[in-house]
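For reference, the structure discussed in these notes is given below.
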Amino acid sequence: MKNIINTFLILLLLFLHINIRAAIPGALTSAFKNGNSNELANYFHSNIELVINGKEGIYSKNQAEQIVQRFFINHIPSSFEIVHEGGKESSKYAIGSLKTNNGVFRVYFLIKFVNDKPYIHQLRIEADND
């Protein structure tokens with residue numbers, strides 16, 4: 001009986017570790033909500049595919065931070081919430097709704113985990129026409 005309980009506890013801890021590792025960090029939600037490009041850039045991969053209002057490219061972490069910062073200056077956020085997320089253990093995606101002083105935007109980002117640290121590889125911010 002003790003072996004069964006120990007095995008169950010080990011499996012439970014392993015399951016929790018995997019789910020915690022694969023979760024979308026709360027700091028990302030906060031960074032979008034507060035329009036904090038510096039905090040957001042902490043999660044950027046060294047090169048990131050960035051699409052903002054139809055303008056797309058692959059940028060370095062620093063270039064992407066500047067582009068996102070300009071977006072936040074022109075579109076001051078008032079709220080952000082994740083409306084859908086999914087993925088596997090090694091990668092996650094999320095779709096969110098960003099409300100700003102200039103309208104509502106649909107945000108999509110893809111995170112891949114490298115050595116248990118999440119990195120944004122793709123980020124899309126587009127006007128929500130729904």
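Just so you know, all these numbers are worked out from the coordinates, no wet-lab data involved. In this text, all values refer to a predicted model and were calculated from it rather than measured experimentally. Virtual Cβ from ideal backbone geometry, glycine too; neighbours counted across all protein chains shown.
Key figures for this structure:
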{"read-out": "Filtered trypsin sites (Lys or Arg not before Pro), the range 23-130: DSSP coil and at most 14 other beta carbons within 10 Å", "value": "Lys88"}
{"read-out": "Shape category assigned to the range 32-116 from the gyration tensor of Cα positions, a/c cut at 1.5", "value": "oblate"}
{"read-out": "Potential extension, Arg106-Thr29 segment - 0.36 nm per residue separation minus Cα distance", "value": "26.4 nm"}
{"read-out": "Val51/Asn115 FRET efficiency (R0 30 Å; Cβ-Cβ; nearest 0.05)", "value": "0.65"}
{"read-out": "Candidate lysines for bridging to Lys112, where Cα separation is under 20 Å - those fewer than 8 sequence places away on the same chain excluded", "value": "Lys61, Lys88, Lys92"}
{"read-out": "Reachable aspartates and glutamates, given that their alpha-carbon falls under 13 Å from the alpha-carbon of Lys33 and they are not under 8 places away in the same chain", "value": "Glu81"}
{"read-out": "Coil-residue GluC sites (Glu not before Pro) of the range 15-97, DSSP, other Cβ within 10 Å capped at 11", "value": "Glu89"}
